Ligand code: ZN
């Protein structure tokens, strides 16, 4: 399906060079340089559209928007794809509970999400691919695992026989924690007859009110992880590559989701799913993880309705480092609002102090695992300097265009 409308990205003059972008790889546990390829293929795990997207989701998509913008500014060709998990247990459960059709729920939530992304000026992916749209590729992916003899059936479910490709020594956490999290996030480690508790389900029967597809391995619907293998493969193959340049998402996807996509990719192609895996930390509110049950969700749409400048939200969210657990608060929003005001006043002047060094230092900071807290300090220091500068010499146009293109801050 179409993503949200294109976001204008201006050109600006910069004579310096762009360092290679380094990101912390959560599965390798180290900061590594994103290998340069043409194109850079980036896949971000998108939303499950059953509940309004909150500011924590926005923080994740802003993180990968900064990656996208940095690579484009550095002159790379980027193919950026995002999925929509429109087939999933929590979605069907919510639709049942609220007495609405699951498809209606999906459409309503997607409208809200794309409107938030547009308002925050997140560059759109080449498309948003939903599970229902990619069913042909998903079925082909599972069929090839079946043909390779890497699966087994238990009742009406089809599982990956994971031990054919791993002894689970590569888990990013202890086996006990992995089993506990797997159980919490919809896995079935306790089912008797499974060859290994962590074997992921590839295909399963649908409940009466759920959509279903006919396949040689039974009528039903796919398991969770397999969708991303199949959807991401489209851009990998189109680019004649073996794996993605980068897979991104929220930190709660490290396990099981990203671990399983990696496992399934090695099973099917004998190739890693991605060269780099990066994850955004959680945004808390009032000391707790945001959740509907706690009633502490903060919505982008609600803040905008209340008259908050979308760029203040954007700045507030990048004032902390993307990997760190952050706390949303009025103080944080205040930081964003103050910087928006200061930038508006700065950029409306006829002349401001020389800023080539500023652009260069912001670029260096972003290249170092998206050090946005440092970027904001650099900006605040420059604004302070500009206030006291008695001989400003430069038109602010290029700085304004740079902030727009690279930070996505449009004023
Ligand atoms: Zn995914």
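Looking at residue 220, is it more than 15 Å from the ligand (Cβ to nearest atom) and modelled with pLDDT of 95 or more?
On the way: more than 15 Å from the ligand (Cβ to nearest atom): yes; modelled with pLDDT of 95 or more: yes.
So residue 220 fits the description; yes.
Restricting to strands (runs of 3 or more DSSP E) lying wholly in region 18-65: which have 3 or more residues that are in contact with a strand residue (DSSP E or B) (Cβ under 9 Å, 6 or more places away or on another chain) and touching a residue at least 24 places away in the same chain (Cβ under 8 Å)? Break it down stepwise before answering.
Values: elements: 22-25, 30-33, 40-44.
The strands (runs of 3 or more DSSP E) meeting that bar are 22-25, 40-44.
Looking at 275, 271 in this structure, which one is surrounded by fewer than 17 Cβ atoms within 10 Å (Cβ to Cβ) and either within 14 Å of the ligand (Cβ to nearest atom) or in contact (Cβ under 8 Å) with a residue 12 or more places away in the chain (or both)?
On the way: 275 fails: surrounded by fewer than 17 Cβ atoms within 10 Å (Cβ to Cβ).
Matching residue, one of 275, 271: 271.
Hey, can you tell me all the residues within region 370-398 that are buried (at least 17 other Cβ atoms within 10 Å of the Cβ), within 14 Å of residue 12 (Cα to Cα) and free of Cβ contacts under 8 Å to residues at least 60 places away in the same chain?
396
Working only within region 291-323, note down all residues that are touching a residue at least 24 places away in the same chain (Cβ under 8 Å) and part of a helix (DSSP H, G or I).
Residues satisfying the conditions are 300, 301, 303, 304, 310, 311, 312, 313, 314, 315, 317, 318.
Considering only region 153-163, state which residues are surrounded by 16 or more Cβ atoms within 10 Å (Cβ to Cβ) and touching a residue at least 40 places away in the same chain (Cβ under 8 Å). Before you say what the answer is, go through the steps one by one.
Applying the first criterion (surrounded by 16 or more Cβ atoms within 10 Å (Cβ to Cβ)) to region 153-163 yields 157-162.
Across region 153-163, the qualifying residues are 157, 158, 159, 160, 162.
Could you list all residues from region 154-175 that are under 28 Å from the mean Cα position of the chain (by Cα) and within 19 Å of residue 212 (Cα to Cα)? Steps first, please.
Of region 154-175, the ones under 28 Å from the mean Cα position of the chain (by Cα) are 159-160, 162, 165-166, 168-175.
Correct list: 159 only.
Taking strands (runs of 3 or more DSSP E) that do not extend beyond region 86-196, which have at least 1 residues that are within 30 Å of residue 308 (Cα to Cα) and touching a strand residue (DSSP E or B) at 6+ places or on another chain (Cβ under 9 Å)? Steps first, answer last, please.
Details: elements: 128-130, 151-154, 157-160.
Here the list reads 128-130.
Please determine whether any residue of region 357-367 is in contact with a strand residue (DSSP E or B) (Cβ under 7 Å, 6 or more places away or on another chain), surrounded by 14 or more Cβ atoms within 10 Å (Cβ to Cβ) and farther than 22 Å from residue 62 by Cβ.
Of all residues in region 357-367, those in contact with a strand residue (DSSP E or B) (Cβ under 7 Å, 6 or more places away or on another chain) come to 367.
Next, from what is left, pick out any that are surrounded by 14 or more Cβ atoms within 10 Å (Cβ to Cβ): 367.
After this cut, where a residue has to be farther than 22 Å from residue 62 by Cβ as well, the list is none.
Checking region 357-367: not a single residue is in contact with a strand residue (DSSP E or B) (Cβ under 7 Å, 6 or more places away or on another chain), surrounded by 14 or more Cβ atoms within 10 Å (Cβ to Cβ) and farther than 22 Å from residue 62 by Cβ.
The values are calculated or read from the model by the stated rules, or taken from the named source; none is laboratory data. Owing to the predicted nature of the structure, the values given are computational and were not obtained by experimental measurement. Note: ideal-geometry Cβ built from the backbone for every residue, glycine included; neighbour counts use all protein chains shown.
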